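The values are calculated or read from the model by the stated rules, or taken from the named source; none is laboratory data. A quick note: this is a predicted structure, and the numbers were derived from the prediction, not measured. No Cβ is skipped: glycine too gets one built from the backbone with ideal geometry, and neighbour counts run over all protein chains shown.
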Amino acid sequence: MNRLRSRWRFLRRRLHCVALTASLVVTAATAGAADRDGSLAIEGAGLLPCAVYVREREQRSNVYYMVAGWVEGFVTAHNKLLDDTFDVTSFESLELLLLLIDQHCAGNPEDRLYPVVNTLLAAFNDDRLERASATVDVVVGNRRAVLYAEVVRRVQQRLADLGHYDGATDGAFGPPTQQALAAFQQASDLEPSGFPDQTTLWRLLRRAPDGGDG
């Protein structure tokens, strides 16, 4: 136990030192809930520049995994503070969020993590889950995912809109939904497994920046 505590103190000091260095050269960005002037204090990993994040991600360092924990906490706080919100990440996994952050940071090395993550989550707001939803255990072969029933319903509706599905939009992931999803994957040059992996869900449920299908 003492070794674990010592290790945790070491990791906290390491992250704090990197964040403190960043704070000396950046004024805190303003977005979302804040004081009456729109200002808020940004602490910890939110101050890290993108260049540091990309480097630490490549190394899969302790700082990177601590940033991952910070992102999870950020999502929870976002859910708490945003009105009519159960989960702003309706299907996105932590791994997908970290990948999206990395893709942005690779081309914008001077950006700070707080505004990057805040903007990313803001982009999800329109598709957030406004109410609690039951979960569905999806098993296809040896692959398994747990999705909200509401997300499965959205998948079914989107597949129906695209002409791949004519069953009930009931949030139950059965063979008809799997087969329709496989047809969408085939049409999208993805592996036609029928499994709702993150790439498939992103292509199906998200929109490209130009307004076309994702």
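Listed values, structure above:
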| quantity | calculated |
| --- | --- |
| Residue list for segment 176-207, filter: in contact with a Pro (Cβ under 8 Å, 6 or more places away or on another chain) and small (Gly, Ala, Ser) | ALA182, ALA183 |
| Residues that are free of Cβ contacts under 8 Å to residues at least 24 places away in the same chain and among the small types (Gly, Ala, Ser), drawn from segment 63-119 | GLY69, GLY73, ALA77, GLY107 |
| Qualifying positions in segment 56-87 - crowded, with 19+ Cβ neighbours inside 10 Å and of a type in the set (Asp, Glu) | GLU56, ASP87 |
| Unique residue being in a helix (DSSP H, G or I) and at pLDDT 95 or above when the list is ALA180, ALA168, ALA145 | ALA180 |
| SER90 more than 18 Å from the chain's Cα centre (by Cα), modelled with pLDDT of 95 or more, of a type outside the set (A, V, I, L, M, F, W, C) and surrounded by 13 or more Cβ atoms within 10 Å (Cβ to Cβ) | no |
| Filter result (of a type outside the set (Val, Ile, Thr), over 15 Å from TRP202 (Cα atoms) and in a helix (DSSP H, G or I)) within segment 104-122 | HIS104, CYS105, ALA106, GLY107, LEU113, TYR114, PRO115, ASN118, ALA122 |
| Residue selected from segment 43-55 under the condition modelled with pLDDT of 95 or more and either surrounded by fewer than 16 Cβ atoms within 10 Å (Cβ to Cβ) or of a type in the set (Ser, Thr, Tyr) (or both), by the criterion farthest from VAL117 (Cα to Cα) | ARG55 |
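Residue by residue, here is whether (1) touching a His at 6+ places or on another chain (Cβ under 6 Å); (2) modelled with pLDDT of 50 or more; (3) part of a helix (DSSP H, G or I) holds:
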{"site": "LEU4", "(1), (2), (3)": "no, no, yes"}
{"site": "CYS17", "(1), (2), (3)": "no, no, yes"}
{"site": "ALA41", "(1), (2), (3)": "no, yes, no"}
{"site": "ARG57", "(1), (2), (3)": "no, yes, yes"}
{"site": "GLU72", "(1), (2), (3)": "no, yes, yes"}
{"site": "THR76", "(1), (2), (3)": "no, yes, yes"}
{"site": "THR85", "(1), (2), (3)": "no, yes, no"}
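Per-residue answers, yes or no, for (1) hydroxyl-bearing (Ser, Thr, Tyr); (2) outside the structural domain of CYS50 (by TED's automatic domain parsing); (3) more than 17 Å from GLU92 (Cβ to Cβ):
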| position | (1), (2), (3) |
| --- | --- |
| LEU120 | no, no, no |
| LEU147 | no, yes, no |
| VAL155 | no, yes, no |
| HIS164 | no, yes, yes |
| GLY194 | no, yes, yes |
